[in-house]
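A quick write-up on the structure given underneath.
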Amino acid sequence: MSTPWKLAVTADYAEADGSTIYGDIGLAGLAADGIEWSLVETPIRPGALEGYDAVLLLSGTPLGEEQLEGVTTLRHVARFGAGFDAVDLEACDERGITVTNAPTGLRVPMAHTALTFLFALAHSLLPKDRLVREAAWDRKAEHRGPGLGSATIGMVGLGGIGQETVRQLRAHDLDVIAWNRSPRPEFCAEVGIEQLELDEVIARSDYLILTVAANSGTRHLIGERELAMMKESAFLINIARGAVVDEAALITALQERTIAGAGLDVFEVEPLPADSPLIALDNVVLSPHALCWTADFAAATGAEALAEVRAVAAGRSPQHVVNSPRGGTDGAR
């Protein structure tokens, strides 16, 4: 490269010294590849990305027509993590901008996230924690927990995270059924599970785990109708995106105890508003869209995301392109 490749890194989750909210993701190593990085404020203002060749989105900050207005130099949008629902792919396509994500490094941490919620709900961890803090040991018989021995786990979504979660569940010898938009017969045969229609998965599950991607087809996939189909003893676990669930309908179901409880890492509005009824409920476990944030998650996802930046900067084809940019994916000048 005759001149340095310039990378913008969103400042909401990063500092000028290269540290990020996730930990060390390897930004310091980019200099050896002729890549200069600097911070760009969020929300990204129109024209703020002019002069940059690429941008690394560390968060779900929107990137679309408004943010790309007046930008002529940008060639690559790299997403830290799997989700890219905040990126306007059509706007990037029209401008020949390649969009990549980093979907594999977080699969195991995300599967562990699902299992963390699962075990916490099955063993009533949160109320038992409160009993100790409140010196109310005499009430522990009130929170035995439903357990997992005879439970059916329903998976909604068999993408990379969903498949890894199923593998972990089956390694614990748990009964799993699943729904996916398209058939996955080879995978289901490999791990020994049934792929069924969504309504049947919802109705049969004792724990329903959501891992589907967020898009127009999955918005409010689980709404009032679907929640009504769940067993009163069933739990909902959402580690996908908040928009996949109709949150108002879920709050009603939790308040009226038409389902037993929920484990939520994602919400329709983030951060979760301080006046959300979810905060006051005792049958829900909450996490701030960060339960998978561990040292191994940061290292693996950082390496994967920055490998895509290096590839485009060097004129190589990146591995995880999620759009169809006009003019292909070559990036080197």
Some residue of segment 298-319 being among the basic types (Lys, Arg) and loosely packed, with under 14 Cβ neighbours inside 10 Å: no
From the list SER276, SER317, SER233, SER287, pick out the single residue that is modelled with pLDDT of 95 or more, hydroxyl-bearing (Ser, Thr, Tyr) and closer than 18 Å to ASP53 by Cα. SER317
Under 8 Å between Cβ atoms, which residue pairs at least 6 apart in sequence (or on different chains) link something in segment 40-57 that is under 15 Å from ARG79 (Cα atoms) with a partner that is crowded, with 18+ Cβ neighbours inside 10 Å and of a type in the set (Phe, Trp, Tyr)? VAL40/TYR52; ASP53/TRP5; ALA54/TRP5; LEU56/TRP37; LEU56/PHE80; LEU57/PHE80
Filter segment 240-278 down to residues that are in contact with a helix residue (DSSP H, G or I) (Cβ under 8 Å, 6 or more places away or on another chain) and open to solvent by less than 10 Å² (accessible area, probe 1.4 Å), then give me how many there are. 11
Counting only residues that are part of a loop (DSSP other than H, G, I, E, B) and touching a helix residue (DSSP H, G or I) at 6+ places or on another chain (Cβ under 7 Å), segment 97-107 contains a total of 5
Restricting attention to strands (runs of 3 or more DSSP E) lying wholly within segment 1-61, give those where 2 or more residues are open to solvent by 30 Å² or more (accessible area, probe 1.4 Å) and modelled with pLDDT of 95 or more. 35-40
Determine, yes or no, whether GLU66 is part of a helix (DSSP H, G or I) and charged (D, E, K, R). yes
Of the residues ARG225, ARG130, ARG139, ARG204, which is open to solvent by 30 Å² or more (accessible area, probe 1.4 Å) and in contact with a Gly (Cβ under 7 Å, 6 or more places away or on another chain)? ARG204
Of the residues that make up segment 152-159, is at least one under 26 Å from PRO318 (Cα atoms), in contact with a helix residue (DSSP H, G or I) (Cβ under 7 Å, 6 or more places away or on another chain) and open to solvent by less than 50 Å² (accessible area, probe 1.4 Å)? yes
The residue that is farthest from the chain's Cα centre (by Cα), considering only those in segment 279-297 that are within 22 Å of PRO62 (Cβ to Cβ) and surrounded by fewer than 17 Cβ atoms within 10 Å (Cβ to Cβ), is PRO288
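The values are calculated or read from the model by the stated rules, or taken from the named source; none is laboratory data. Keep in mind that this is a model prediction, so the values were computed, not measured. Cβ atoms come from the backbone with ideal geometry, glycine included; neighbour counts cover every protein chain shown. Protein only, heavy atoms only, side chains kept; ligands, DNA and RNA dropped before computing areas. Shrake-Rupley method; radii C 1.70, N 1.55, O 1.52, S 1.80 Å.
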